[in-house]
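> My structure is below; once you've seen it, I'll send some questions.
The values are calculated or read from the model by the stated rules, or taken from the named source; none is laboratory data. Remember, it's a predicted structure, so these values are computed and weren't measured experimentally. Here Cβ is always computed from backbone atoms with ideal geometry, including for glycine, and neighbour counts include all displayed protein chains. Surface accessibility is based on the protein's heavy atoms, side chains included, excluding ligands, DNA and RNA. Shrake-Rupley method; radii C 1.70, N 1.55, O 1.52, S 1.80 Å.
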Amino acid sequence: MESQTASPISAELRRRFNSAARVLVLTGAGVSAESGVPTFRGGGNTAVWKGMPFDVISSAGMVERDLPAVWEWFDYRRDLLKAVKPNAAHVTIAGWQHRFPDLTLVTQNIDGLHQKAGSHDVIELHGNIWRARCVTCSMTSESNEHRACVGCGDHLRPDVVLFGELLPTGAYDRAADAALGAELCFVIGTSALVYPAANLPVMAKRAGAYVVEVNPEETPLSDFCDEVLTGKAGDILPLI
Ligand code: APR
């Protein structure tokens with residue numbers, strides 16, 4: 001008998017993928033893993049830095065206590081990211097923009113790789129590592145060369161959301177609106193442990209969306225999803 005490899009994509013997902021107009025995609029560190037960016041909770045080299053767990057060095061308190069150390073850590077991470085390129089997962093998601101009339105891409109990543117792959121209007125819930133922001137007047141700067149604000153002269157800090165900080169104004173509201181209107185929701189490469197991002201697929205499903213998780217490992221959301229595609233985003237997404 002001829003052996004056949006079954007596609008991991010169900011007929012139900014294919015049907016919904018072909019007919020959906022409003023789609024929400026939520027991504028986390030796992031979507032960049034195949035580009036060589038270490039995840040946070042995967043025990044990679046960003047999990048602990050100079051003896052400090054990532055949630056200590058990346059915290060609001062650390063900005064107050066030791067801003068130069070925070071910059072040192074973000075300079076180190078930016079250095080890791082300089083040569084990094086988008087992978088098949090970023091490219092596939094960027095292509096979905098042309099396929100669906102209304103696609104909202106929400107990312108927890110700060111690496112800018114979705115934009116590098118061609119995605120636009122990305123909702124960056126946790127900011128962007130390539131930008132800096134004034135600690136006093138909040139003016140942002142795309143350049144990381146200077147450490148003083150051109151507006152008021154005070155210190156700049158990375159324009160990212162640190163532990164103990166609120167999300168940028170408006171970003172979560174836009175994401176929540178998209179979740180409430182979505183017919184199809186993909187949750188890709190996130191451990192789904194950090195709120196409020198992890199709440200978006202829950203809102204989407206309660207509002208009627210079909211929720212699909214793409215992750216090589218189980219997460220607290222897995223049981224809640226309509227479909228779980230177990231594997232790497234770069235392998236799975238091009239198959240859909
Ligand atoms: N494809 C898909 N998923 C993957 C891959 C891959 N190739 N490799 C790893 N993963 C999954 C892991 O199984 C894990 O569930 O990606 C997830 C990464 O989880 P985290 O490291 O916790 O990253 P994330 O969910 O993005 O973290 C959320 O926490 O530290 C903060 O602000 C930081 O934005 C980050 C937030």
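> Considering only segment 105-215, what is the antiparallel percent among its DSSP beta bridges, to the nearest 5? Write down the numbers at each step before the final one.
Working: 7 of 14 bridges.
Around 50 percent antiparallel, to the nearest 5.
> Counting only C-alpha contacts under 8 Å and six or more residues apart, can you give the relative contact order of segment 86-218 as a whole percent?
Rounded, it is 17 percent for segment 86-218.
> Measuring with a 1.4 Å probe in the full set of protein chains, what accessible area per residue, in whole Å², belongs to segment 97-151?
50
> Tell me, what is the percent relative contact order of the chain, built from C-alpha pairs under 8 Å that lie six or more residues apart?
23
> Restricting to DSSP H runs of at least four residues, report the calculated mean residue ellipticity at 222 nm for the chain, -39500 (n - 2.57) per run over all residues, nearest 500 deg cm²/dmol.
After summing the helix terms and dividing by residue count, I get -8500 deg cm²/dmol.
> Cross-link candidates for Lys232: which lysines have Cα within less than 27 Å, leaving aside residues fewer than 8 places away along the same chain?
Excluding near neighbours in sequence, the set is Lys82, Lys85, Lys116, Lys205.
> Another one. Using θ = phi - 60° and the Karplus curve 6.51 cos²θ - 1.76 cosθ + 1.60, what whole-Hz ³J(HN,Hα) does each residue of segment 31-40 get, with Gly and Pro shown as x?
Those phi angles translate into 6, 9, 4, 6, 8, x, 8, x, 6, 7 Hz.
> I would also like to ask the following. Counting Lys and Arg as +1 and Asp and Glu as -1, each charge on the Cβ, what is the dipole of the chain about the Cα centre in debye, to the nearest 20?
Roughly 280 debye for the chain.
> Also, quick follow-up: In the chain, what % of DSSP beta bridges are antiparallel (nearest 5)?
30
> With a 10 Å cut-off between alpha carbons and a GNM built on the chain, which of Thr219, Thr136, Thr27 moves the most?
Its mean-square fluctuation being the largest, the pick is Thr136.
> Test of the criteria: in segment 61-140, which trypsin sites (Lys or Arg not before Pro) are in a DSSP loop and have at most 15 other Cβ atoms within 10 angstrom of their Cβ?
Listed in order of number, the matching sites are Lys82.
> Taking H placed 1.01 Å from N in the peptide plane, check which residues at least 5 places from Val228 or on another chain put their amide H under 5 Å from its amide H.
When sequence neighbours closer than 5 places are left aside, the close amide H contacts are Glu213.
> Let me ask something else. Only Cα pairs under 8 Å and at least 6 apart count here; give the relative contact order of segment 12-85 as a rounded whole percent.
Relative CO of segment 12-85 lands at 21 percent.
> Given H placed 1.01 Å from N in the peptide plane, which residues other than close sequence neighbours of Phe163 have an amide H under 5 Å from its amide H?
Ser59, Ala60
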